[in-house]
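Throughout, read-outs are computed from the coordinates displayed, never taken from laboratory work. What you see is a predicted model; the values in this text were computed from it and never measured. Here the Cβ positions follow ideal geometry from the backbone for every residue, glycine too, while neighbour counts run over all protein chains shown.
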């Protein structure tokens, strides 16, 4: 161990270059983790805020809420204490008198529904054509009292309240009652009853009948089937795992080449009575020190990037997960250094000295 540290102090440039490469690998891993977390949160934050247990969709919708077409009377098939209808629409919002358009996810539910967010300013939805907006939309210039329109619909909506940050499908959310959203989606055609919805959200429930062809999904299963969610997470996580393997390979190759270059030195050490285990320990120590330093630097840079990232950038740091990735990178580096064990063990002192 002491020999390894002493060599690192002597060969500063060589080991600094490898540490720099490992910093870049760690930085890419942590940034990808932040992007994966941001995209995950951006897709599902509104769903998490429902604090629901089950989602009921049309059985023919293939677990896709946007493909699920139901009506409010489907609620009669669901028996439970807290049951909420929900309708969704992906559209754009613009303030009357402004040409600035913002992509949003519009959600409709009953005024007293348990999934209706609690307002932090203003008041809750009380009648048709009233909406409450997320903090994300306030940050983009929409405020309480503004008159807005959604899409190409001419209906004037009034912002009466706001709630905390909330996104669905990477877009800021706004809530209104079902009648208002039905009017928006109808685009000028008469709205018929029962009103159309996409899903039924519950905290605890069961089917009491199934006249409306319902399928019950646990909330986690529902989230995994959100459009694009699983594909995004799988792609980014695969890239992260590939970088773990790359870290192992880089350390392994570097240490193997150094071992070949230092065969004569290791031969002298063996003649002096220093065994293979102690020589290998010095190599492992070098890998561990470099990986710890590089991971620490990578973490600090990533936290700094997270602090200055634009509000529109989907970036969220999950510190327990980052801790797991940091430990994994260190272990991968140590494992890579162990690949030199066989070469060190086979060094013949007499041959190496010659």
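For this structure, a couple of remarks:
- Whole-number percent relative contact order across region 47-225, with pairs defined as alpha carbons under 8 Å at least 6 apart: 39
- Residue order, fewest to most surrounding Cβ atoms within 10 angstrom, among 9, 14: 9, 14
- Put a dot 7 Å past the Cα of residue 207, heading toward its Cβ, do the same for residue 305, and the two dots end up 4.6 nm apart.
- Relative exposure of 341, 50, judged by other C-beta atoms within 10 Å (fewest first): 341, 50
- Value of Rg to Rh for region 47-225 (Rh from inverse mean 1/r over Cα pairs, i.e. Kirkwood): 0.96
- Listing 44, 94 from fewest to most neighbouring C-beta atoms within 10 Å gives 94, 44.
- The stretch between residue 271 and residue 11, if pulled fully straight at 0.36 nm per residue, gains 91.2 nm over its current Cα-Cα span.
- Peptides 109-117, 303-311, 212-220 ordered by average Cβ neighbours within 10 Å, highest first: 109-117, 212-220, 303-311
- Value of [θ]222 nm, deg cm²/dmol, for the chain, DSSP H segments ≥ 4, -39500 (n - 2.57) each, nearest 500: -16000 deg cm²/dmol
- Rounded to 10°, Cα long-axis angle of helix 319-337 versus longest principal axis of the chain: 30
- Base-10 log of normalised Debye intensity for the chain (one unit scatterer per alpha-carbon) at q = 0.15 Å⁻¹: -1.17
- Angle in degrees between helix 229-261 and the longest Cα principal axis of the chain, rounded to the nearest 10: 10
- Sorted from greatest to least, the principal axis extents spanned by the alpha carbons of region 1-149 come out as 76, 43, 27 Å.
- Spin-label model, residue 82 to residue 69: label points 7 Å out along the Cα-to-beta-carbon direction sit 3.2 nm apart.
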